[in-house]
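Participant: Mind having a look at this structure? Questions to follow.
The values are calculated or read from the model by the stated rules, or taken from the named source; none is laboratory data. The structure displayed is predicted, hence computed values, not measured ones. Here the Cβ positions follow ideal geometry from the backbone for every residue, glycine too, while neighbour counts run over all protein chains shown.
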Amino acid sequence: MMDNENAPQHDDLQKKQALEEHEVKEVVGFLKRYGKLIGTGILAATVTVIASKGCASYKASRLVKAEQALMSARTPQQLEEVVNQYGSTPSAPVALLNLAKTYFNIGETAQARVQYERFIKKYKKHDLRPVAELGLAYCTEADGDFNGAAAQFADFSGKHSGSYLHPMAVLSISRCMEQAGRIDEARIVLEDFLAENAGTAWAGPAEGALKQLNETAQQKK
């Protein structure tokens, strides 16, 4: 059983996650607004292809309606409607990820996990699958299972070493190790990361994390 007193508050976890996301512009919006970053582009491209092939205008209209529904969805119920009503459109998987993140943001980790797992099962080869995998690791961390979360983030970083989400996963490994009391291991992760990413946009967050880690270790002596 996890020690709830040591479990991170959802607000704190979200702040850490948001800080990491905002350090690199190309990550901003992708996790925060999955579909709103890419949905319009996918829709425009899809509609163009449909039109060029002379497909029925109904199909193009349905894609437009799906995108509009996604853009206006604010509640879990509205996002669920997009998933169910427009399941064959590019908006549906984006809505499902937004649904999972919405549940996470309001502290319903169990429901967030269900939706991330639902995405992975339903969209096995989707380009956004890594986002769902990372979301599951954040859920584990939010539940206070820091060792389990560190293992999940490590597994992710190993499978997606070339992804722009990889740096976020590595920093998360260190954070979870620190929360689990594995200070020396967390330091090694950060030092190795800095050695490999010196001069990149991720060096700043890593240096900040290492400084905080060292201060925490010093206070515990």
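Participant: Name the pairs: first residue in region 162-180 and closer than 17 Å to A195 by Cβ, second residue in a helix (DSSP H, G or I) and of a type in the set (V, I, T), Cβ to Cβ under 6 Å, at least 6 apart or on different chains?
Facilitator: I173/V189; S174/V189
Participant: Residues E215, E191, E185: which one is of a type in the set (D, E), surrounded by fewer than 18 Cβ atoms within 10 Å (Cβ to Cβ) and modelled with pLDDT under 95? Walk me through how you get there before you give the answer.
Facilitator: Numbers: E191 fails: modelled with pLDDT under 95; E185 fails: modelled with pLDDT under 95.
Result: E215 is the single residue among E215, E191, E185 that is of a type in the set (D, E), surrounded by fewer than 18 Cβ atoms within 10 Å (Cβ to Cβ) and modelled with pLDDT under 95.
Participant: Kindly list, by first and then second residue, each pair from a residue in region 128-154 that is closer than 22 Å to V94 by Cα to a residue that is surrounded by fewer than 18 Cβ atoms within 10 Å (Cβ to Cβ) and of a type in the set (D, E, K, R), limited to pairs with Cβ atoms under 6 Å and residues at least 6 apart or on different chains.
Facilitator: none
Participant: Give the residue that is nearest to D155 (Cα to Cα), with candidates limited to residues of region 167-212 that are charged (D, E, K, R) and under 21 Å from the mean Cα position of the chain (by Cα).
Facilitator: For region 167-212, the residue satisfying everything is R175.
Participant: Before we move on, is F153 surrounded by 18 or more Cβ atoms within 10 Å (Cβ to Cβ), at pLDDT 95 or above and assigned by TED's automatic domain parsing to the domain that holds R74?
Facilitator: So F153 does not fit the description; no.
Participant: With within 27 Å of G144 (Cα to Cα) and either surrounded by fewer than 15 Cβ atoms within 10 Å (Cβ to Cβ) or not small (G, A, S) (or both) as the only criterion, which of Y123, Y86, Y103 stands out? Even if it seems obvious, please write down each step before you answer.
Facilitator: Working: Y123 fails: within 27 Å of G144 (Cα to Cα); Y86 fails: within 27 Å of G144 (Cα to Cα).
Checking each option against the conditions leaves just Y103.
Participant: Can you list the helices (runs of 4 or more DSSP H) lying wholly within region 135-221 that have 3 or more residues being aromatic (F, W, Y) and in contact with a helix residue (DSSP H, G or I) (Cβ under 7 Å, 6 or more places away or on another chain)?
Facilitator: Of the helices (runs of 4 or more DSSP H) lying wholly inside region 135-221, those with at least 3 residues that are aromatic (F, W, Y) and in contact with a helix residue (DSSP H, G or I) (Cβ under 7 Å, 6 or more places away or on another chain) span 146-159.
Participant: For K125, work out the one condition from (1) over 21 Å from I106 (Cβ atoms); (2) assigned to a helix (DSSP H, G or I); (3) basic (K, R) it doesn't fulfil.
Facilitator: Single failed check for K125: (2).
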